[in-house]
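The values are calculated or read from the model by the stated rules, or taken from the named source; none is laboratory data. All of these numbers come straight from a predicted model, not from anything done at the bench. Every residue, glycine among them, receives a Cβ derived from its backbone with ideal geometry; neighbour counts consider all protein chains shown. Quick note on the areas: whole protein, heavy atoms, side chains included, nothing else; ligands and nucleic acids left out. Shrake-Rupley method; radii C 1.70, N 1.55, O 1.52, S 1.80 Å.
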Amino acid sequence: MPTTTMRAALDDGTGIYQTQDVPMPEMFEGAALIRVRQTGICGSDLHMTTRREEAQDVPSGHEVTGEIVELPPGDHKLKVGDRVAIDTVCAGRACLNCRFCDYGQYRHCMGFADDTGGGFAEYMTRRPQGLFKLHEDMDWTDGALVEPMAVSVHGLRYAGMKPGDVVAVAGSAPIGLSSIAAAKAFGASIIFASAKYPQQAELATKMGADIVTGAEPGELAHRVIDETDGVGADVAVESVGGHQTDTFHEALNSTRNQGTMVYLGGIKVPMEIDLFDPLLREIKIISSNCYGIINGVHDYQIAITLLGSGAYPYREAVKHRYNLEQIAPAFNTAFDKTTGAIKVHIVQN
């Protein structure tokens, strides 16, 4: 059994993570205790280090997989020792009683439990409803990729993508790559993608993109329009976000009249946009965040099925692995794409 303290990595308020001894996470009512095994560094983790002004009180890290150590009373269809992907943001903290929880949209829960800490630590606590069993042939790398896969699964399901649709994905970082895989799995007839770095372009093709362009403004949109005889994509995805707006415009310009543009990336800066053009073209702009239940099935379950199938080599995105004590150089690698990095994982034995 664990002790009263654990090792965890906290941002000191300057964007530098330091691994230290901290108290074990709170076992709030209805919580399970999970031993963290692997955690991905998300683009949002990188963005937060550039704007955080105070030291962290609890560790972050939301792309998490681990092993159940303790379970609360009740029939959760789980047992101690199960290997799980963890919905740390939504179902794992949701009240399960409010209007949004009633129909499985846990991201919008009106009574979240306090955040007791994420995956940049040895242990974490979350409600069993946020724990999803991995397939037997999935390892910890696959488990820590469930969350970013579920983001794209949710986005395309929420946007109503249909088999046969033409799909364009602006950006081939981790969310762009999972968007490509989800579009392929959902029956896209052709998938276009843009990629800024060679390692992204290579993996985009492996994940199912039929045509991959560069990332200069206009490249993706022009190719999509040319290849579809002037029509455009039925569904276009903005997957990059961050401190730029080019990919939003790129996705919008790739979308056909009366098509759907899915905004996934999370742009952190104000953006000037002329909404008259999408008004005239009757484009639906769908904002999508996190994951939940659609048509009775949670996005995590579909993501686990896709990753467990072996059909999508998403694990090849994890080119760098560090242990928890090495989290500072891990973040440096994740920032510096000239290292060949796509996804960096923190691994714990």
*Determine the per residue accessible area of the range 16-140 with all protein chains present and a 1.4 angstrom probe, expressed in square angstrom.*
46
*Per-q log10 I(q)/I(0), the range 83-128, q = 0.21, 0.23 Å⁻¹ (Debye; single scatterer per alpha-carbon; no solvent)*: -0.65, -0.75
*Just by accessible area at a 1.4 angstrom probe, what is the order of 347, 36 from largest to smallest?*
347, 36
*Which percent of Cα-Cα pairs in the range 1-126 sits in each 10 Å bin, short to long?*
13, 41, 35, 11, 0
_Check: the range 1-113 dipole with +1 on Lys, Arg Cβ and -1 on Asp, Glu Cβ, in debye_ = 340
_Leaving out ligands and nucleic acids, and using a 1.4 Å probe, what accessible area per residue does the range 244-349 come to in Å²?_
48
_So the label point goes 7 Å from the Cα of residue 50 along Cα→C-beta, right? Which residues of the range 256-286 then have their backbone N under 11 Å from it?_
268-269
*When the solvent-accessible surface of protein heavy atoms is calculated with a 1.4 angstrom probe, in what order do 149, 161 fall, highest first?*
161, 149
*Given the Cα-Cα distance of residue 12 and residue 110 and 0.36 nm per residue of separation, how much length would full extension add, in nm?*
32.3 nm
*asked:* For the chain, take the longest principal axis of its alpha carbons; what is the angle in degrees between that and the long axis of helix 146-158, to the nearest 10 within 0 to 90?
replied: 40
*Gap in Å between the Cα centre of the range 34-79 and the Cα centre of the range 163-196?*
27
*Of the listed pairs 77/319; 133/337; 206/337; 133/319; 184/337; 162/319, which have alpha-carbon separations greater than 28 Å here?*
77/319; 133/337; 162/319
*For the range 24-80, what ratio Rg/Rh do Cα atoms give with a Kirkwood hydrodynamic radius?*
1.07
*Antiparallel DSSP bridges in the chain: what percent, to the nearest 5?*
55
*Diffusion coefficient, µm² s⁻¹, Stokes-Einstein with Kirkwood Rh over alpha-carbon pairs of the chain at 4 °C and 1.567 mPa s*: 63
*Considering only protein heavy atoms and a 1.4 Å probe, what is the carbon-and-sulfur percentage of the accessible area of the range 242-309?*
53
*Most to least packed among 152-160, 260-268 [average Cβ atoms within 10 Å]*: 152-160, 260-268
_Order 69-76, 192-199 from most to least packed using the mean count of other Cβ atoms within 10 Å._
192-199, 69-76
*What is the sum of charges around residue 51, taking Lys and Arg as +1, Asp and Glu as -1, for the other residues whose C-beta is under 14 Å from the C-beta of residue 51?*
-2
_Label-point gap, in nm, between residue 70 and residue 339 - each point 7 angstrom along Cα→Cβ_ = 3.5
*Quote to one decimal, in nm, the extra length available between residue 99 and residue 311 on full extension: 0.36 nm per residue of separation minus the C-alpha distance between them.*
72.6 nm
*Protection-proxy order for peptides 283-290, 230-237, each taking the mean of Cβ atoms within 10 Å per residue, highest first*: 230-237, 283-290
*Once all Cα-Cα distances of the range 239-349 are split into 10 Å bins that start at 0, what whole-number percent is in each one?*
11, 26, 35, 22, 5, 0
